[in-house]
Amino acid sequence: MSIAISQVSLAATTVPYVAQTATYGITTSDGTIDCTANSFTVTLPTAVGVAGKSYNIKNSGTGIITIATTSSQTIDGNASGTLTLNQYDNLTVQSDGANWIII
């Protein structure tokens, strides 16, 4: 049995970028969310039904950014469904179809 392996080039792919300075609910069209000032919460959309969807969240400001989930979903099994990002921290999450995992 042979397995065909295909390669995909991402050279021309762009990831949508948005800068935020206040509480924000991530949309399905976002890719990178850059938190540029203040302390606030960024809420992930539901992970249900979007297996493979990923988001990158960066805290380039001086505040503390809280990452929250919806509908009691988890981030890497964290039952509270929240994480915090200090200045210059970065978090990339991906949906497994039910919850979010850190990648």
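The values are calculated or read from the model by the stated rules, or taken from the named source; none is laboratory data. Since the structure is predicted, the reported quantities are computational estimates derived from the model, not experimental observations. Here the Cβ is made from the backbone with ideal geometry for all residues, glycine too, and neighbour counts use every protein chain on show. Please note that ligands, DNA and RNA were not included when accessible areas were found on the heavy atoms of the full protein model with its side chains. Shrake-Rupley method; radii C 1.70, N 1.55, O 1.52, S 1.80 Å.
Worth a mention:
- Summed residue charge, Cβ within 11 Å of residue 47's Cβ, Lys/Arg positive, Asp/Glu negative: 0
- Base-10 log of normalised Debye intensity for the chain (one unit scatterer per alpha-carbon) at q = 0.12, 0.13, 0.16, 0.24 Å⁻¹: -0.42, -0.48, -0.68, -1.29
- Of the chymotrypsin sites (Phe, Trp or Tyr not before Pro) in the stretch 25-98, those whose Cβ has at most 11 other Cβ within 10 Å and which sit in DSSP loop: 88
- Ordered by solvent-accessible area of protein heavy atoms (1.4 Å probe), largest first, the residues 50, 18 come out as 50, 18.
- Accessible surface area normalised per residue over the stretch 53-103 is 47 Å², counting heavy atoms of protein chains with a 1.4 Å rolling probe.
- For the stretch 65-84, the residues whose backbone nitrogen is under 20 Å from a point 7 Å from the Cα of residue 101, taken along Cα to Cβ, are 68-70, 72-83.
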